[in-house]
Amino acid sequence: MEFAKVSVEVRTQVGKGGAHKVRAAGKVPGVLYGLKAAPVAVTFEEKALLTSLDKERRRNTVLTLTVGAESVTAMVRDAQIDPISQRIIHVDFLRVDLDAEVTVTVPLVLTGKAIGTTNGGQLHQSMHVIPVAAKPAAIPTKIEVDVTALEMGDALHVSDLKLGAGVRALLDARDAIASVVAPKAEKVEEAAAAPVEGAVPAEGAAAAGAAPAAGGKAGAAPAAGAAPAAGGEKKGGEKKGK
């Protein structure tokens, strides 16, 4: 199988000073390692690497690095980007064996419109990338999953993914990747409808609570303007007549 080719040169100057000189010369420093081989410090043209990377696979692109007279099958394992210029300032290349699995992350793309969203639900995507193990040539550009059948409260899990031949997901099969949940507005309304401890009672409840219960506690002060208890006037009259 043919892969994009990138020419790299072995560099003898290593460390921060050596990397600075490489960048000053308009090239990018890097290192090639893996497959139990000794690491090799290299330099390359930034444009040559960016042109060789597949637009969809990106870092998962399998490359053929030309190192002098040697051809090495490799992938970009890590790349450091300058936060200001957004230029590549260092790259780690990983040697790969086409007959052995490598671990990479692949974009997860949801397709279709979930039925539950037409009933007011909201589609929630729990994962946007999936770590997988696959042989270099079998690495998918992306993993698609159809969410059309999802109703309110339904979810899709890693076990529902349809992976290509030779591709394994490196996650628990029970992990959720997408679900349809109730909208936040409904949750807020439900919370508002729930009784709150210590809240002021409604007008009717307040009126009911104002009336003394039968057999209430002795010593409660009568309400202002309230009629005296039965027999009160009689006792008062007897005292006056004496």
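A few notes on this one:
- Kirkwood radius for the range 1-148, taken over all pairs of different Cα atoms as the inverse mean of 1/r, rounds to 17.3 Å.
- A convex hull fitted around the alpha carbon atoms of the range 87-149 yields 128 Å³ per residue.
- Cross-link check: pairs 55/184; 16/36; 5/135; 142/184; 27/135; 16/55 evaluated at a Cα-Cα cut-off of 27 Å; pairs beyond the cut-off: 55/184; 142/184; 27/135; 16/55.
- The rule of thumb for compact globular proteins, 2.2 N^0.38 Å, goes into the C-alpha radius of gyration of the range 5-56 1.21 times.
- Across the range 32-109 the C-alpha pair distances fall into 10 Å bins from zero in the proportions 16, 51, 29, 4, 0 percent.
- Protein accessible area in the range 1-83, 1.4 Å probe - carbon and sulfur %: 53 percent
- Near residue 113, the amide H atoms lying under 5 Å from its own belong to 148; only residues 5 or more places off or on other chains count, and H is placed 1.01 Å from N.
The values are calculated or read from the model by the stated rules, or taken from the named source; none is laboratory data. Predicted model, so just to flag it, every value in this text is computed and none were measured. In case anyone asks, the SASA skips ligands and DNA or RNA and just uses the protein heavy atoms, side chains included. Shrake-Rupley method; radii C 1.70, N 1.55, O 1.52, S 1.80 Å.
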